[in-house]
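The values are calculated or read from the model by the stated rules, or taken from the named source; none is laboratory data. Predicted model, so just to flag it, every value in this text is computed and none were measured. All Cβ positions, glycine included, derive from the backbone under ideal geometry; neighbour counts span all protein chains shown. These accessible areas exclude ligands, DNA and RNA; they are computed on the full protein's heavy atoms, side chains included. Shrake-Rupley method; radii C 1.70, N 1.55, O 1.52, S 1.80 Å.
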Amino acid sequence: MIDTVLPTSRTNTQRAQAKGAPGKQAHLLRIPARDDGYPVWQLVSQCPPLDLNSVYSYLLLCEHFRNTCVVAEANGQIDGFVSAYLPPDRDDVLFIWQVAVHERGRGHGLGRQMLLSLLDRPHLAHIRFLETTVGPDNAASRHMFAAVAHNMGTGIDESPLFEPELFGPEAHDDERLLKIGPLRRMPG
Ligand SMILES: CC(C)(COP(=O)(O)OP(=O)(O)OC[C@H]1O[C@@H](n2cnc3c(N)ncnc32)[C@H](O)[C@@H]1OP(=O)(O)O)[C@@H](O)C(=O)NCCC(=O)NCCS
């Protein structure tokens, strides 16, 4: 079972739950707080192939971007995290940066439900497209975003975005853009 803090009435998250795959553990999906920054850094450090950014960047996300981020908590532990932001000058797009689910929480729909819970937030009701990037071999990520598209009654468009050479001398996979939408928003 997964509880969400916002909102409480008939939500995309609840529809996803109704379609199956509820988690075994009770996870509270909530807006991050400042003191989640370091636990989120610890979580991401255990979730390859995600790039691990500085603790400071996760503190900033939990402080300044908390309204577009989610943490999933159970038994006092952070098992899931989504970072996202509203790209400047693009009114109806939410860009998903990182999605991390601890190994102990995987395979129960937690990643998908964190993403859907963002779309249930009243201040994001205007979002019509999710964008993200994925590496070529990240099957879990691709399946998760496909499941979100399915839940939202829409498709995915894929195109090149960040070629490997843009990352400098550090070896890095191609990061292709996934554009999910237009989203079919569920009536309240
Ligand atoms: C990707 C990740 C967040 C998925 O979290 P999760 O909670 O296990 O995903 P979900 O349970 O919500 O899965 C959603 C869908 O993807 C599928 N899926 C999940 N992991 C999969 C895998 N390894 N291989 C194939 N399909 C997978 C599920 O079957 C589900 O499909 P369904 O709804 O049709 O049954 C998690 O595996 C993770 O943290 N990986 C490491 C970090 C990463 O790669 N993040 C994504 C890049 S931003």
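Structural remarks
- Every pair of residues 6+ apart whose Cβ atoms lie under 7 Å, when the first sits in region 32-52 and is open to solvent by 60 Å² or more (accessible area, probe 1.4 Å) while the second is more than 10 Å from the ligand (Cβ to nearest atom) and acidic (Asp, Glu): 34/63
- Filter pass, residue 158 being farther than 20 Å from residue 120 by Cα and either open to solvent by less than 30 Å² (accessible area, probe 1.4 Å) or modelled with pLDDT of 95 or more (or both): yes
- Residue within region 110-121 that is modelled with pLDDT under 95, touching a Leu at 6+ places or on another chain (Cβ under 9 Å) and farther than 24 Å from residue 39 by Cβ present: no
- Residues in region 135-155 that are part of a helix (DSSP H, G or I) and of a type in the set (S, T, N, Q) were compared, and the one that is surrounded by the most Cβ atoms within 10 Å (Cβ to Cβ) is 151.
- As a summary of the residue check, residue 152 satisfies the conditions (1) aliphatic (A, V, I, L, M); (2) under 13 Å from the mean Cα position of the chain (by Cα); (3) within 13 Å of the ligand (Cβ to nearest atom) except for the one numbered (2).
- Taken as a whole, the structure places residue 173 among residues that are open to solvent by 30 Å² or more (accessible area, probe 1.4 Å), part of a loop (DSSP other than H, G, I, E, B) and more than 10 Å from the ligand (Cβ to nearest atom).
- Some residue of region 111-122 being touching a helix residue (DSSP H, G or I) at 6+ places or on another chain (Cβ under 6 Å), of a type in the set (Lys, Arg) and closer than 27 Å to residue 28 by Cβ: yes
- Of all residues in region 75-121 being among the polar types (S, T, N, Q) and under 20 Å from residue 149 (Cβ atoms), the one that is farthest from the ligand (Cβ to nearest atom): 117
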